[in-house]
1. Would you mind telling me the share, in percent, of accessible area of the chain contributed by carbon and sulfur at probe 1.4 angstrom?
2. What full-extension length gain, to one decimal in nm, is calculated for Thr27 and Gln40 as 0.36 nm per residue of separation minus the Cα-Cα distance?
3. Does the stretch 3-83 classify as rounded, prolate or oblate by the C-alpha gyration tensor (a ≥ b ≥ c root eigenvalues; a/c under 1.5 gives rounded; else a/b over b/c gives prolate, otherwise oblate)?
4. Tell me which of Ala47, Trp104, Ala61 sits at the most positive position along the dipole axis of the chain, charges placed on C-beta atoms (Lys, Arg +1; Asp, Glu -1).
5. Per residue, how many Å² of accessible area does the chain show with a 1.4 Å probe?
6. Can you list residues from other chains, or at least 5 along the same chain, whose modelled amide H is less than 5 Å from the amide H of Leu62?
7. Dipole magnitude of the chain about its Cα centre, charges +1 at Lys/Arg Cβ and -1 at Asp/Glu Cβ only, in debye to the nearest 20?
Amino acid sequence: ITPGELLCLGSSLAFSGLFYYLYRKKTRVVARIQEAPKLQVDDDLPALVSAADGRCLPYVALEGIVLPAKAALTSHYHERLQGVIQKLLLKEHRLVWNSLARSW
């Protein structure tokens with residue numbers, strides 16, 4: 001076995017291990033999302049959020065009727081499906097001049 005073959009084998013095993021780790025990590029996230037509790041949008045929801053740790057409910061599915069502010073979004077692929085955007089957040093990062101690299 002040549003050193004080049006060992007290098008190829010080692011890098012192949014390293015990449016396989018990395019991709020398997022990422023696969024398992026994403027599989028756990030998908031399982032948590034699928035097991036998320038389903039809550040109704042009603043008057044009890046604010047009290048439930050306030051009672052949770054850190055006032056945050058990770059991975060919950062909210063069910064209920066919402067009204068769009070202007071017009072509902074219609075799916076391009078399924079004409080009967082409509083949705084709304086709850087909140088759109090735009091975050092701009094502050095640019096700082098780096099005099100050493102002479103770039104922003």
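The values are calculated or read from the model by the stated rules, or taken from the named source; none is laboratory data. Since we're looking at a predicted model, the values are computed, not measured. No Cβ is skipped: glycine too gets one built from the backbone with ideal geometry, and neighbour counts run over all protein chains shown. Accessible surface is based on the protein model in full, side chains and every heavy atom, while ligands, DNA and RNA are left aside. Shrake-Rupley method; radii C 1.70, N 1.55, O 1.52, S 1.80 Å.
1. The nonpolar share, carbon plus sulfur, comes to 60 percent.
2. Result: 2.0 nm gained on full extension.
3. Judged from the Cα gyration tensor, the stretch 3-83 comes out oblate (a/c at least 1.5, b/c at or above a/b).
4. Trp104
5. With all protein chains present, the chain gives 101 Å² per residue.
6. Here the answer is Leu39, since their amide H atoms fall under 5 Å of that of Leu62.
7. For this selection, approximately 420 debye.
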